[in-house]
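The values are calculated or read from the model by the stated rules, or taken from the named source; none is laboratory data. Being a predicted model, the structure only gives us computed values, none of them experimental. When we count neighbours, we look across all protein chains shown, and the Cβ atoms used for this are built from the backbone with ideal geometry, even at glycine. When the accessible area is computed, the model is the full protein with side chains, heavy atoms only, and any ligands, DNA or RNA have been set aside. Shrake-Rupley method; radii C 1.70, N 1.55, O 1.52, S 1.80 Å.
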Amino acid sequence: MPVREILQIGHPVLAARAEEVEFEDIRTPKVQAWIDDMIDTMRDANGAGIAANQIGIPYRIFVIEVADNPRYPYKPSIPLTIAINPSIEFLSDETFISNEGCLSVPQIRADVDRHVEIAVSYFDRNGEIASHEIRGYSACTWQHEYDHLDGILFPHRVTNLHSFCSWAVFQKYKQPAFAKTVRQLVDKWGA
Ligand code: ZN
């Protein structure tokens, strides 16, 4: 299972809307190998998630996993989840200012408004339908990955242009305060 190259912002495959996976293709060796490559590439890069088009596969699949992540030490855990042809519905108007980075956007982070109560549904890697509600900080991760499938990267959603900063500056000056707001959100919603 090779670790793949991660495409960088501006690449045409990242900028395009990814296509639905045909249901009967989900269990084929080709699609299963794509999923394994996504998991390996995400873990190798310490990502919290990765979308298929980030490794050049123009289909609507993403994987998410957070477990003691050194890139995002304040993130609550999310078990390995594979989402194929996902949909997201916002359950309320409540939003959170999420400071985000991306494996396809080197060096830079910024603030993005994300909903904190969402309902998701998708096929898992076995072709089973999964539907659940997600509340709290983990909802931000889902929206970030979902955006990739529509060719949207976090910088496209930044409204406060002064929030752009380098990873090093974030870690030195902003991470403690941001981690505190994340903890408050996690305390409220449990995730
Ligand atoms: Zn990303």
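Using Cα centres only, tell me the gap between region 51-91 and region 119-185 in whole Å. Using only Cα atoms, the two centres lie 9 Å from each other. Taken along the Cα-to-beta-carbon direction at a fixed 7 Å, the label points for Phe164 and Lys180 span 2.8 nm. Along the charge dipole of the chain, Cβ charges K/R +1 and D/E -1, which of Ile88, Thr159, Ala18 sits furthest on the positive end? Of the listed residues, the answer is Thr159.
For region 143-191, the gyration tensor built on C-alpha atoms gives an oblate shape. Its axis ratio a/c (a ≥ b ≥ c) is at least 1.5, and a/b is not larger than b/c. Given +1 at the Cβ of Lys and Arg, -1 at the Cβ of Asp and Glu and no other charges, the dipole of region 12-189 around its Cα centre is 860 debye to the nearest 20.
When a/c reaches 1.5 or more, the comparison of a/b and b/c decides; with that in mind, is the chain rounded, prolate or oblate per its Cα gyration tensor? Taking the square roots of the gyration eigenvalues as a ≥ b ≥ c, the chain is prolate. Helix content alone sets the calculated 222 nm mean residue ellipticity of the chain: runs of n ≥ 4 DSSP H residues at -39500 (n - 2.57) each, divided across all residues, give -8000 deg cm²/dmol. Note on Glu128 and Val13: the model spin-label points, each 7 Å out from Cα along the C-beta direction, lie 3.0 nm apart.
Angle of helix 138-149 to the longest C-alpha principal axis of the chain, folded into 0 to 90 degrees and rounded to 10: 50°.
The lysine pair count for the chain, using Cα distances under 20 Å and pairs eight or more places apart or on different chains, is 6. Only protein atoms count toward the accessible area here, which uses a 1.4 Å probe; on region 53-191, the carbon and sulfur part of that area reaches 52 percent. Positive end of the dipole of the chain (Cβ unit charges, origin at the Cα centre): among Ile9, Ser104, Val169, the Cα lying farthest that way belongs to Val169. Computed with a 1.4 Å probe over protein heavy atoms only, the accessible surface of the chain comes to 48 Å² per residue. Charge dipole of region 40-95 (Cα centre as origin; +1 on each Lys and Arg Cβ, -1 on each Asp and Glu Cβ, all else neutral): 180 debye, rounded to the nearest 20.
At a threshold of 8 angstrom on Cα-Cα distance, excluding pairs fewer than six apart, so keeping six or more, what relative contact order does the chain reach in percent? In percent, rounded to a whole number, it is 22.
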